[in-house]
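To start, the structure under review is shown below, and the notes come after it.
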Amino acid sequence: FHEEQVRAFKPKPLTFHCGCSAGRVKAMLESFGGDEIKDMTRDGRIRVTCEFCNTRYDFNPRELL
């Protein structure tokens, strides 16, 4: 790429943003079938932890079926 000219852009501050939300996690869980929901249930709840921001979500399996 030696023919290309170098372009410098103005710096932008870095920020962290995770796009997870309870609604998005719930929609993902609702895509599973009843047997899979049952397999994910521990102590009467389904718990999901976002791997990016470490936010924890807790669902009642009956809300997902």
Exercise. For residues that are among the basic types (K, R) and in a loop (DSSP other than H, G, I, E, B), scanning just segment 1-37, find the one that is modelled with the lowest pLDDT.
Key: R7
Quiz item: T15 fails exactly one of the following numbered conditions: (1) among the hydroxyl-bearing types (S, T, Y); (2) free of Cβ contacts under 8 Å to residues at least 12 places away in the same chain; (3) surrounded by 10 or more Cβ atoms within 10 Å (Cβ to Cβ); (4) out of contact with any strand residue (DSSP E or B) (no Cβ under 8 Å at 6 or more places or on another chain). What is the number of that condition?
Solution: (3)
Practice problem: Starting from residues that are in a strand (DSSP E or B) and either hydroxyl-bearing (S, T, Y) or in contact with a Leu (Cβ under 9 Å, 6 or more places away or on another chain) (or both), keep the ones in segment 38-65 and report whichever is farthest from S21 (Cα to Cα). | Solution: I46
Self-check item: Condition check for T55: surrounded by 11 or more Cβ atoms within 10 Å (Cβ to Cβ) and without any contact (Cβ under 8 Å) to a residue 24 or more places away in the chain
Solution: no
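The values are calculated or read from the model by the stated rules, or taken from the named source; none is laboratory data. Only a predicted model underlies this, so the values are computations on that prediction, with no experimental measurement involved. In this analysis, Cβ positions are derived from the backbone assuming ideal geometry, glycine residues included, and neighbour counts consider all displayed protein chains.
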